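Undergrad: I am attaching a structure below and will ask some questions about it afterwards.
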Amino acid sequence: MSEITSFAPGRVEILGNHTDYNGGVVLSAALQIGITANARRLSDQKIQLSSDGIDGVENHCRKAVFARSGRWIDYPLGVATMLTKAGADPGGFAIHFQSTLPHGAGLSSSAALEVATAVALMRLYPFSLPPMDIARLCRQAENECVGVNCGLLDQASSVFGKKDHLVFLDCRNETVDTIPLPEHLGLLIINSGVKHALTGGEYNERREQCFEAARLMSVPALRDASLSQLDSTPMPELVKRRARHVVGENERVFEAVEALKQGTPEALGALMIASHRSSMEYFENSTPELDLLVSLVTKEPGCFGARLSGGGFGGAIVALVENDKAEIIQSKVVKEYNIRSGATATAILSEASDGAIPA
Ligand code: ADP
Ligand code: MG
């Protein structure tokens with residue numbers, strides 16, 4: 001059989017910060033950049049894996065029981081293992097990966113690697129699964145084989161992305177919808193180049209505070225709480241502020257979906273700005289560098305809004321910009337940021353793009 005190819009994109013979180021483990025909702029977009037898998041069948045149950053920029057070819061065998069190595073091959077081998085568990089019967093294969101996605105930049109290269117592998121293997125040894133099951137299977141590979149406890153957002157965005165649409169994920173029901181984003185709008189992602197050394201407990205501490213707030217309001221998760229309920233329930237001030245961010249984020253996501261359906265994308269920009277402010281004031285997961293980037297980019301004509309994207313405490317911001325002004329905004333903001341912060345920003349411009357399995 002000749003070679004087959006699959007492509008899975010990276011993703012960026014647009015709105016809905018820290019909502020996933022609170023049973024909430026999130027908006028993301030699949031990017032134009034991602035990972036391509038070139039695959040062919042091999043005889044004798046052989047597996048060969050290689051990737052641009054990584055020396056050598058990794059040789060394995062389909063019959064071997066998966067054992068975590070702590071290296072990149074855990075992702076594709078994990079996916080192959082999960083596919084077999086799901087009833088697929090892939091024989092031997094060779095896959096070569098090519099990526100246009102920076103590793104570890106919060107754009108989810110890991111999910112792109114998993115989804116590209118799953119789609120390639122399902123084409124090579126015909127096997128079909130509903131798209132959400134593919135996303136779940138890839139998450140399971142990352143959870144169980146790689147040992148990273150991630151939610152479903154990365155894989156679902158990489159599978160379900162759609163050109164000029166945002167992906168709406170309901171983390172509790174594990175359902176997705178795609179919401180149109182006007183064609184003239186693009187996404188500008190600027191990495192601050194600064195990752196703050198965390199003392200270790202920040203993420204877990206935030207999670208615990210969210211769970212505590214839900215307990216004190218007698219709701220299963222913050223998804224089920226309203227801002228007025230939060231206001232009227234006595235609780236420690238810090239816990240209340242953390243919860244206010246997450247409850248507000250859920251509300252903002254629903255508002256953004258409505259705004260986009262009404263054809264008013266400016267409202268999405270305003271909600272992104274409100275989200276960043278809420279991160280600064282209530283969740284305290286922003287940094288001076290992210291704040292500087294948001295304040296610089298939102299001053300530019302053609303920028304509708306911006307916010308930190310992902311976990312926070314460093315990393316990147318995402319801005320909603322008009323495509324024809326994007327390049328000029330990017331160069332102005334990066335230049336000014338580098339001068340003022342002493343750090344080096346890197347920027348990526350992308351339109352909302354198709355996922356691995358376009359609808
Ligand atoms: P992110 O998903 O945000 O990019 P992760 O730490 O979750 O960051 O995943 C990055 C890991 O995924 C890398 O350390 C590497 O093991 C693997 N990976 C990503 N892209 C590639 C690639 N093109 N080839 C091989 N491995 C890759
Ligand atoms: Mg990842």
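Undergrad: Hey, what angle do you get for helix 265-278 against the long axis of the chain, alpha-carbon based, 0 to 90 degrees rounded to 10?
TA: 80 degrees
Undergrad: If you take every residue apart from VAL253 with its C-beta less than 11 Å away from the C-beta of VAL253, what net charge results, scoring Lys and Arg +1 and Asp and Glu -1? Please list the in-between numbers first.
TA: Values: positive: ARG223, ARG252; negative: GLU13, ASP170, GLU249, GLU251, GLU255, GLU258.
Once positives and negatives cancel, what remains is -4.
Undergrad: Next question, about the same structure. With the dipole of the chain worked out from charges on the C-beta (+1 for Lys and Arg, -1 for Asp and Glu) around the Cα centre, which of PRO180, PHE283, ALA111 lies farthest toward the positive end?
TA: My answer, from the dipole projection, is ALA111.
Undergrad: Which shape class applies to the chain: rounded if a/c is under 1.5, otherwise prolate when a/b exceeds b/c and oblate if not, where a ≥ b ≥ c are the square roots of the Cα gyration tensor eigenvalues?
TA: Prolate is the answer for the chain, as a/c is 1.5 or above and a/b outweighs b/c.
Undergrad: Could you compute the net charge surrounding ASN22? Neighbours are other residues with a C-beta less than 11 Å from the C-beta of ASN22; K and R count +1, D and E count -1.
TA: With Lys, Arg at +1 and Asp, Glu at -1, the net is +2.
Undergrad: Could you work out the percent of alpha carbon pairs in segment 218-276 separated by over 16 Å, rounded to a whole number?
TA: 48 percent
Undergrad: If the chain between LEU42 and GLN98 were fully stretched, how many nm would it gain, using 0.36 nm times the residue separation less the Cα-Cα distance?
TA: Taking LEU42 through GLN98 to full extension adds about 18.2 nm, to one decimal.
Undergrad: For the chain, what is the mean residue ellipticity at 222 nm derived from helices alone (per DSSP H run of n ≥ 4: -39500 (n - 2.57); sum divided by total residues; nearest 500 deg cm²/dmol)?
TA: -12000 deg cm²/dmol
Undergrad: A further question on this structure: Please work out how much length the chain gains when fully extended from ARG172 to HIS184, using 0.36 nm per residue of separation minus the C-alpha to C-alpha distance, in nm with one decimal.
TA: 1.1 nm
Undergrad: Between ARG207 and ALA270, with labels modelled 7 Å along Cα→Cβ, what's the label distance in nm to one decimal, could you check?
TA: Calculated label separation equals 3.6 nm.
Undergrad: Please turn the phi angles of segment 51-62 into ³J(HN,Hα) values with the Karplus equation 6.51 cos²θ - 1.76 cosθ + 1.60 (θ = phi - 60°), one per residue in order, whole Hz, x for glycine and proline.
TA: 8, 3, x, 10, 5, x, 10, 8, 9, 9, 9, 4
Undergrad: Using a/c under 1.5 as the rounded threshold, could you call segment 4-178 rounded, prolate or oblate? The axes a ≥ b ≥ c are square roots of the C-alpha gyration tensor eigenvalues, and prolate needs a/b larger than b/c, oblate otherwise. Write down the numbers at each step before the final one.
TA: On the way: a/c = 1.79, a/b = 1.63, b/c = 1.10.
Cα axes put segment 4-178 in the prolate bin.
Undergrad: Follow-up. Show me the ranking of peptides 326-334, 226-234, 173-181 by mean Cβ neighbours inside 10 Å, starting with the highest.
TA: Answer by packing, highest mean first, reads 326-334, 173-181, 226-234.
Undergrad: Moving on. Of the listed peptides 308-321, 287-300, 66-79, what is their order by residue-averaged count of other C-beta atoms within 10 Å, with the highest listed first?
TA: Highest mean packing first, the order is 308-321, 287-300, 66-79.
Undergrad: Between segment 1-57 and segment 203-270, what is the separation of their alpha carbon centroids in Å?
TA: So the separation of the two Cα centres works out to 31 Å.
Undergrad: Quickly rank 152-158, 87-93, 301-307 as a protection proxy: mean count of other C-beta atoms within 10 Å, highest first.
TA: Output ranking for 152-158, 87-93, 301-307: 152-158, 301-307, 87-93.
Values in this text are rule-based calculations from the coordinates and carry no lab data. None of the values given here were measured: they were computed from a predicted structure. So basically every Cβ, Gly included, is an ideal-geometry build from the backbone, and we count neighbours across all protein chains shown.
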